[in-house]
């Protein structure tokens with residue numbers, strides 16, 4: 001069987017997801033052995049973004065117009081296209097800037113704004129159709145393996161699509177929200193991390209982004225009843241995934 | 001009045017000695033306090049056990065019904081695919097200090113995943129390898145309502161179950177000592193060689209007094225007469241929309257901590273060379289948006305519909321499906337709900353408002 005041609009693309013992010021793919025996973029050798037990396041600036045000197053690719057993995061948020069243009073091209077020349085990590089799947093950390101006027105954000109970083117052409121931060125699926133999501137911050141190893149093996153087998157990848165609470169209960173963790181009165185984002189956050197923070201007695205801060213159709217206002221109101229200050233609640237719902245319609249209602253309730 | 005089964009009196013320190021002995025022969029799993037919560041954890045010593053617990057987070061039935069179990073393995077060689085079942089990994093175990101509500105939770109789960117029509121091999125194997133020591137409950141919590149179902153606070157024979165189906169030994173804590181009721185032959189063997197005295201009339205009287213005292217402390221009550229029909233008549237009651245959309249998070253905690261919930265999903269995991277796939281059964285929940293997904297999505301797409309499914313399944317549909325309620329009144333789904341959704345309160349509101357609407361109808365008629 002000919003190895004699938006893989007392209008890895010990086011937009012605005014910390015590059016942690018690519019590091020995760022090629023350095024930190026337990027199955028780096030299997031993953032890279034199962035594919036031919038034809039483009040990826042961290043992985044190979046050769047290759048161009050021209051394609052074609054059987055599978056394109058995209059990390060990072062779209063925050064500049066050239067990125068959107070290239071992304072559309074990559075979509076056209078790729079069999080499967082999968083965003084990896086929170087920045088690409090839900091806007092991630094870079095999308096915090098969406099809380100502020102674009103010009104103000106630019107001025108906070110750069111003195112000469114004439115050469116800055118940034119756009120509102122958006123996840124990959126705001127611009128192109130995606131075939132699956134590999135979530136995480138950084139991207140989860142199990143997510144990547146499931147997405148790659150599922151697509152190669154020709155079945156829809158079965159990644160976690162439920163609340164972090166499911167993983168907490170499966171691990172038998174104490175519920176830090178109910179029992180310890182911590183403002184845990186687990187009930188609205190997509191699982192896949194194995195409930196890492198609650199397993200260590202900490203509240204989930206939604207780094208994997210929102211699950212499908214969470215009830216953000218109900219959790220925000222509950223946080224208020226638990227004594228959380230309004231600005232803290234707005235912050236928790238805007239740290240990750242603020243451009244998504246899932247988390248915006250949680251922010252709007254308590255934003256000054 | 002004498003207890004239903006012959007009982008003996010056992011000194012506390014002798015019970016503690018027994019726990020150490022049992023732990024030498026099998027894994028003893030008991031309620032253990034960790035911070036603000038109590039969990040079922042392996043113990044080697046009676047001092048690790050929280051004998052005065054009110055409730056645990058997960059029920060003991062889910063110590064037996066494991067969250068993630070490999071069930072099949074597919075191996076590909078060329079064009080051929082070999083299929084093999086994965087044998088359950090059950091070990092000899094003992095569940096210690098299980099309250100009556102949870103003993104009933106196990107009996108209800110038996111009917112579904114160890115019933116006549118379907119047997120979950122992993123659950124059946126763990127169930128067969130696990131002895132159960134019950135503990136009559138003296139710690140009635142704010143959200144407990146087992147007395148409404150007759151599943152507690154003290155254990156008694158239930159429906160068509162034989163006495164030994166629920167537990168092997170049943171403990172009642174008296175002043176200083178324990179009353180031990182032997183429910184099965186393995187239970188008798190657990191006590192072999194232990195110094196005990198026959199229970200006296202005074203002991204039985206003390207047991208009955210303790211039961212009455214526990215019974216008098218319930219704050220929460222659910223009227224179960226005609227409940228299945230009441231809910232069926234009120235599937236469009238405004239409470240579903242108000243609570244479902246206003247407060248339900250779809251986090252699935254209610255079902256995860258329910259002693260009788262058994263729903264599962266199957267997930268396949270394939271190696272990257274695509275040669276081997278392992279299929280596992282994983283806890284699933286009707287509260288999850290993707291639970292009943294078919295072509296075009298979940299037919300219970302709204303939180304209202306999913307909350308109604310949970311409450312009506314436990315308190316109504318279950319009766320037709322399995323011949324008993326799907327609720328034992330342990331109160332976990334209420335306590336572990338981040339927004340405190342209360343199925344007994346929902347049922348109570350429907351009963352109150354239906355009556356009011358009937359009266360209103362009569363007055364107007």
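Out of the residues in the stretch B:272-289 that are within 24 Å of residue A:28 (Cα to Cα) and facing chain A (nearest Cβ under 7 Å), which is surrounded by the most Cβ atoms within 10 Å (Cβ to Cβ)?
B:272
Please go through the stretch B:188-197 and give me each residue that is closer than 18 Å to residue B:20 by Cβ and part of a helix (DSSP H, G or I), ordered by number. Give the derivation first.
As a first pass, look at the stretch B:188-197 and keep what is closer than 18 Å to residue B:20 by Cβ: B:189-196.
Matches in the stretch B:188-197: B:189, B:190.
Considering the stretch A:188-237 alone, what residues qualify as being within 12 Å of chain B (Cβ to nearest Cβ), in a helix (DSSP H, G or I) and under 24 Å from residue A:125 (Cβ atoms)?
Answer for the stretch A:188-237, where residues must be within 12 Å of chain B (Cβ to nearest Cβ), in a helix (DSSP H, G or I) and under 24 Å from residue A:125 (Cβ atoms): A:188, A:216, A:217, A:219.
Could you tell me which of the residues B:311, B:294 is over 22 Å from residue B:59 (Cα atoms) and more than 13 Å from every other protein chain (Cβ to nearest Cβ)?
Going through B:311, B:294 in turn, the sole match is B:294.
I'd like the residue in the stretch B:323-348 that is part of a loop (DSSP other than H, G, I, E, B) and within 14 Å of chain A (Cβ to nearest Cβ) and, out of all such residues, is nearest to residue B:106 (Cα to Cα).
Applying the first criterion (part of a loop (DSSP other than H, G, I, E, B)) to the stretch B:323-348 yields B:323-331, B:336-342.
Pick out the ones that are also within 14 Å of chain A (Cβ to nearest Cβ) and you get B:331, B:336-342.
Numbers: B:331: 15, B:336: 20, B:337: 22, B:338: 25, B:339: 27, B:340: 25, B:341: 24, B:342: 22 Å.
Looking at the filtered set, the residue picked out is B:331.
Looking at residue B:258 and the list (1) surrounded by 13 or more Cβ atoms within 10 Å (Cβ to Cβ); (2) touching a strand residue (DSSP E or B) at 6+ places or on another chain (Cβ under 9 Å); (3) closer than 27 Å to residue B:105 by Cβ, which single condition is not satisfied?
Unmet condition: (2).
Here's a check for you: in the stretch B:299-323, which residue that is within 12 Å of residue B:260 (Cβ to Cβ) and modelled with pLDDT under 95 is farthest from the chain's Cα centre (by Cα)?
B:321
Conditions first: (1) more than 11 Å from every other protein chain (Cβ to nearest Cβ); (2) more than 29 Å from residue A:147 (Cα to Cα); (3) touching a residue at least 12 places away in the same chain (Cβ under 8 Å). Residue B:300 passes all but one, so which condition is the exception?
So residue B:300 meets the others, but not (2).
Could you say which residue among B:12, B:8, B:76, B:41 is over 14 Å from the mean Cα position of the chain (by Cα), within 14 Å of another protein chain (Cβ to nearest Cβ), in contact (Cβ under 8 Å) with a residue 60 or more places away in the chain and surrounded by 14 or more Cβ atoms within 10 Å (Cβ to Cβ)?
That would be B:76, the only listed residue that is over 14 Å from the mean Cα position of the chain (by Cα), within 14 Å of another protein chain (Cβ to nearest Cβ), in contact (Cβ under 8 Å) with a residue 60 or more places away in the chain and surrounded by 14 or more Cβ atoms within 10 Å (Cβ to Cβ).
Mind counting the residues in the stretch B:233-248 that are touching a helix residue (DSSP H, G or I) at 6+ places or on another chain (Cβ under 6 Å) and either part of a helix (DSSP H, G or I) or within 30 Å of residue A:224 (Cβ to Cβ) (or both)?
8
In the stretch B:63-81, how many residues are assigned to a strand (DSSP E or B) and under 15 Å from residue B:276 (Cβ atoms)? Let's see the steps before the verdict.
First, pick out the residues of the stretch B:63-81 that are assigned to a strand (DSSP E or B): B:68-77, B:80-81.
Next, from what is left, pick out any that are under 15 Å from residue B:276 (Cβ atoms): B:70-77, B:80-81.
Looking only at that region, the number is 10.
Out of B:249, B:210, B:231, report the one residue that is outside the structural domain of residue B:326 (by TED's automatic domain parsing) and surrounded by 15 or more Cβ atoms within 10 Å (Cβ to Cβ).
Only one candidate qualifies: B:210.
Can you find a residue in the stretch B:198-212 that is within 19 Å of residue A:161 (Cα to Cα) and assigned to a helix (DSSP H, G or I)?
So the first thing to find is which residues in the stretch B:198-212 are within 19 Å of residue A:161 (Cα to Cα), and the list is none.
There is no residue in the stretch B:198-212 that is within 19 Å of residue A:161 (Cα to Cα) and assigned to a helix (DSSP H, G or I).
Given (1) in contact (Cβ under 8 Å) with a residue 60 or more places away in the chain; (2) over 20 Å from the mean Cα position of the chain (by Cα), identify the lone condition not met by residue B:218.
(2)
When you check residue A:128 against the structure, is it under 28 Å from residue A:11 (Cβ atoms), in contact with a helix residue (DSSP H, G or I) (Cβ under 7 Å, 6 or more places away or on another chain), touching a residue at least 40 places away in the same chain (Cβ under 8 Å) and part of a loop (DSSP other than H, G, I, E, B), yes or no?
Yes.
Tell me which residues, restricted to the stretch A:143-163, are more than 8 Å from chain B (Cβ to nearest Cβ) and touching a residue at least 24 places away in the same chain (Cβ under 8 Å).
Across the stretch A:143-163, the qualifying residues are A:143, A:144, A:147, A:151, A:156, A:157, A:159, A:160.
Please specify each residue of the stretch A:141-179 satisfying the condition of being part of a loop (DSSP other than H, G, I, E, B) and farther than 30 Å from residue B:56 by Cβ.
Selection gives A:154, A:155, A:156, A:157, A:158, A:159.
Looking only at the stretch B:245-271, count how many residues are within 8 Å of chain A (Cβ to nearest Cβ) and over 21 Å from residue B:312 (Cβ atoms).
Residues flagged as within 8 Å of chain A (Cβ to nearest Cβ) and over 21 Å from residue B:312 (Cβ atoms) within the stretch B:245-271 amount to 5.
May I ask you to list the residues in the stretch B:252-300 that are on the phi > 0 side of the Ramachandran plot and part of a strand (DSSP E or B)?
First, pick out the residues of the stretch B:252-300 that are on the phi > 0 side of the Ramachandran plot: B:252, B:274, B:296-297.
If the condition is that a residue be on the phi > 0 side of the Ramachandran plot and part of a strand (DSSP E or B), then B:297 is the only one that fits.
Go through the stretch B:28-38 and report how many residues are in contact (Cβ under 8 Å) with a residue 40 or more places away in the chain and surrounded by fewer than 15 Cβ atoms within 10 Å (Cβ to Cβ).
Of the residues in the stretch B:28-38, 0 are in contact (Cβ under 8 Å) with a residue 40 or more places away in the chain and surrounded by fewer than 15 Cβ atoms within 10 Å (Cβ to Cβ).
Take the residues in the stretch A:165-181 that are under 30 Å from residue A:29 (Cβ atoms) and surrounded by 19 or more Cβ atoms within 10 Å (Cβ to Cβ); name whichever of them is nearest to the other protein chains (Cβ to nearest Cβ).
For the stretch A:165-181, the residue satisfying everything is A:170.
How about the stretch B:126-148: which of its residues are in a helix (DSSP H, G or I) and in contact with a helix residue (DSSP H, G or I) (Cβ under 7 Å, 6 or more places away or on another chain)? Spell out how you get there, then give the answer.
We begin by selecting, within the stretch B:126-148, every residue in a helix (DSSP H, G or I); these are B:126-129, B:146-148.
Of everything in the stretch B:126-148, those that are in a helix (DSSP H, G or I) and in contact with a helix residue (DSSP H, G or I) (Cβ under 7 Å, 6 or more places away or on another chain) turn out to be B:126, B:127, B:146, B:147.
The values are calculated or read from the model by the stated rules, or taken from the named source; none is laboratory data. Values in this document were obtained by computation on a predicted structure and should not be read as measured data. Positions of Cβ are generated from backbone atoms using ideal geometry, with glycine treated the same way; all protein chains shown enter the neighbour counts.
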